[in-house]
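K.L.:
Could you have a look at this structure, given as structure tokens, before my questions?
Each value in this text was obtained by applying a stated rule to the coordinates, not by laboratory testing. Just so we're clear, the structure is a prediction, and the values are computed from it rather than from any experiment. Positions of Cβ are generated from backbone atoms using ideal geometry, with glycine treated the same way; all protein chains shown enter the neighbour counts.
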Amino acid sequence: MSENHTSTEMMTVAASRALKSSDVCFVGIGMPSAACNLARLTHAPEITLIYESGTIGTKPSVLPLSIGDGELCDTALCTVSVPEMFRYWLQGGRITVGFLGGAQIDRFANLNTTVVGSYDKPKVRLPGGGGAPEIAISCGEIFIIMTQTRRGFVDKLDFITSIGHGEGGDHRARLGVTTKGPTRLITDLCVFAPDPETKEMTVVSIHPGVTRDQIDGNTGWKVKYARDVATTPVPDPHELAALREIHARTRRAHGDQA
Amino acid sequence: MSEFMSLAAAVEANVRDGDTVAMEGFTHLIPHAAGHEVIRQRRKRLTLIRMTPDLIYDQLIGMGCVDKVVFSWCGNPGVGSLHRMRDAIENAWPQPLAYEEHSHAAMANAYEAGAAGLPFAVFRGYIGVDLPKVNPTISSVTCPYTGEKLATVPAIRPDVAIIHALRADRAGNVLLEGIVGVQKQAVLAAKRAIVTVEEIVEDFGPRSPNLVILPSWTISAVAEVPGGAHPSYAHGYYKRDNAYYKRWDEISRDRDGFLAWMKANVLQRGPEVFAAERKRLATAGSAP
């Protein structure tokens, strides 16, 4: 690991690079929000960021704590009602990328944010799906950002909150879903992309200093690697400065150690 | 026509034991003061509906007012779990909590169907996921024109909707803007509606013709409660008290600590504490 950046910074920068200026992106709160705003502040200044609270084309100067902070509305091109957001903009097919996180993920990038354990007698009750079940099928493609651990990267999900590639192969298409689903999974160790045939998430790029043993040790299934695995380019000074500045502004604005 | 009332009288007149109540607000304009009044009046056996149950539902659940929650995302936004709601689901404290879980799209559509007087909502959703296996209210129809199978959920028709708005005029019409969530739909879907407002003005004055305005005749009661959305925020009045959301994580972790806090800050207080918070945040909120 480089001494110049943390593994979380590497993950956020790698995730931000997946976005383009031409994207219309439905942004999840937390790590997705940091990555999307970093993209906007660096290589993708024209990107349209949309939060499910109804804010369209928002340009927050600090990262929101919640999905509906006033900052999102104050800096948005416009703000619509929540039913309009889900009906016209998401279901209407106007969003190119949905950026999600999750508590648990499987090899086909299905996500669980609902329960650990059984649904009726959960060991841990998680927040639930929110917008994710429909984001996962209605956005052109899905990027996922998650810290890679054995607890989170599991062989079998306790609950499928939102679909990735389902059981793999052409499962999405068989269910009548026409969008691409997860095309990138960015972690603090590496970047996965779906195998063109099986749709299993496959390592295509490893962050500098990370070993395959580390990746295998933090994954609950036997990880597949692409034939040619790249080394993720390290964050450049401009990206790191922009990321640290927005975090510093956020801490000042929230008045604490957020 | 809406009646101007004190918050206590509005809750007394409109919220009954066993009611289905939707206190809506999507991060913005969450009716905290009204929720506290429901707790003070010791309402029981409520079914609470909300897309994003957060602190106020955590408090109602922890105080034993609630039998069932209908929701699509439960949490302390950006902070973590709702400890009281989790304690009720995982350990049945202070009583068992039933829940009916949806996605945001399903609930947004269900509110809209309720407002539109339709029996159910139809949308493209719930594909390849487990919620339909555990929530029997989720069903489907086949489109008669294209053959596409689409998801359905029953319309939401609450006994009472409770929302916080920015202003009411002297005629009892109410105005909101900013992140408007599903509040208009919730009010129009409900049999009765209570609206708390930041202030009552003579007249709304010059304004965009497309603001969200709920006419007086769609509302049962209006109560002026400055700061009534705290610790959420009111567009143009005060900012979200993010520090409070973080403190709640500590306050709510422990049952005794929670009960002591509720006694000191809710049961033994009244809606006037919200005005003090508004004043504090309006002063502190000048820094960007």
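K.L.:
Considering Cα pairs under 8 angstrom that are at least six residues apart, work out the relative contact order of chain A and quote it in whole percent.
P.N.:
19 percent
K.L.:
Continuing with the same structure: Which value at 222 nm does the protein assembly as shown reach when only helices count, each DSSP H run of 4 or more adding -39,500 (n - 2.57), with the total divided by all residues and rounded to the nearest 500 deg cm²/dmol?
P.N.:
-7500 deg cm²/dmol
K.L.:
Taking neighbour counts of Cβ atoms within 10 Å as a proxy for exposure, in what order, fewest first, do A:S138, A:S7 appear?
P.N.:
Ranked by crowding around the Cβ, least crowded first: A:S7, A:S138.
K.L.:
Within a Cβ distance under 14 Å of A:V13, other residues only, what is the Lys/Arg minus Asp/Glu net charge?
P.N.:
Neighbour charge sum, excluding A:V13 itself: -1.
K.L.:
So, one more: I'd like the trypsin sites (Lys or Arg not before Pro) in segment A:1-109 restricted to DSSP loop residues with at most 16 other Cβ atoms within 10 Å, sorted by number.
P.N.:
Counting only loop positions with at most 16 other Cβ atoms within 10 Å, the trypsin sites (Lys or Arg not before Pro) in segment A:1-109 are A:K20, A:R94.
K.L.:
Could you tell me how far the Cα centroid of segment A:4-61 sits from the Cα centroid of segment A:169-212, in Å?
P.N.:
The distance from the Cα centre of segment A:169-212 to that of segment A:4-61 comes to 19 Å.
K.L.:
How would you classify segment A:42-149 from its alpha-carbon gyration tensor, with a ≥ b ≥ c the square roots of the eigenvalues: rounded for a/c under 1.5, else prolate if a/b is greater than b/c, otherwise oblate?
P.N.:
Prolate shape, in that a/c is at least 1.5 and a/b is the bigger ratio.
K.L.:
Let me ask you something else. Going by how many other beta carbons lie within 10 Å of each one, how would you line up B:K246, B:K263, fewest first?
P.N.:
The order, fewest Cβ neighbours first, is B:K263, B:K246.
K.L.:
When only DSSP loop residues count, what trypsin sites (Lys or Arg not before Pro) in segment A:211-250 have their Cβ near at most 16 other Cβ atoms within 10 Å?
P.N.:
Sparse-neighbourhood loop trypsin sites (Lys or Arg not before Pro): A:K222, A:K224.
K.L.:
Taking 37 °C and 0.692 mPa s as the conditions, I'd like the Stokes-Einstein D for segment B:104-154 in µm²/s, using the Kirkwood hydrodynamic radius from alpha carbon pairs.
P.N.:
Diffusion coefficient, whole number: 291 µm²/s.
K.L.:
While we're here: Cα centroid distance between segment A:215-252 and segment B:220-288, in Å?
P.N.:
That distance is 38 Å.
K.L.:
With helices defined as uninterrupted DSSP H runs, which ones in chain B have an alpha carbon span along their own long axis of at least 27 Å and mean Kyte-Doolittle hydropathy of at least 0.5?
P.N.:
none
K.L.:
Something else: Of all trypsin sites (Lys or Arg not before Pro) in segment B:160-190, which ones are in loop regions per DSSP and have a Cβ with at most 16 other Cβ atoms within 10 Å?
P.N.:
Loop-located and lightly packed - B:R170.
K.L.:
With no solvent and one equal point scatterer placed on each C-alpha of the protein assembly as shown, evaluate the Debye formula and give log10 I(q)/I(0) for q = 0.08, 0.10, 0.11 Å⁻¹, two decimals.
P.N.:
One equal scatterer on each Cα of the protein assembly as shown leads to -0.50, -0.80, -0.97.
K.L.:
What does the charge add up to near A:T79, with Lys and Arg as +1, Asp and Glu as -1, over the other residues with Cβ less than 15 Å from its Cβ?
P.N.:
-4
K.L.:
Taking square-rooted eigenvalues a ≥ b ≥ c of the alpha carbon gyration tensor, is chain B rounded, prolate or oblate, where a/c under 1.5 means rounded and, failing that, a/b exceeding b/c means prolate?
P.N.:
Oblate.
K.L.:
What is the average number of partner chain Cβ atoms found within 10 Å of a Cβ in B:75-84?
P.N.:
Counting other chains' Cβ atoms within 10 Å and averaging over B:75-84 gives 4.
K.L.:
Still on this model: For chain A, with equal point scatterers placed on the C-alpha atoms only and solvent neglected, what are the log10 I(q)/I(0) values from the Debye formula at q = 0.09, 0.13 1/Å, to two decimals?
P.N.:
Rounded to two decimals, the profile gives -0.38, -0.82.
K.L.:
For segment B:154-219, would you read off the P(r) tail past 16 Å as a percentage of all alpha carbon pairs?
P.N.:
Percentage above 16 Å: 43.
K.L.:
Within the set of other residues whose C-beta is less than 11 Å from the C-beta of B:G270, count the net charge using Lys and Arg as +1 and Asp and Glu as -1.
P.N.:
Around B:G270, the charge tally is 0.
K.L.:
Going by a ≥ b ≥ c, the root eigenvalues of the Cα gyration tensor, does segment B:115-259 fall in the rounded group (a/c under 1.5), the prolate group (a/b larger than b/c) or the oblate group?
P.N.:
Oblate.
K.L.:
Okay, next question. What's the average, rounded to a whole number, of partner chain beta-carbon atoms within 10 Å of each residue's beta-carbon in A:71-81?
P.N.:
4
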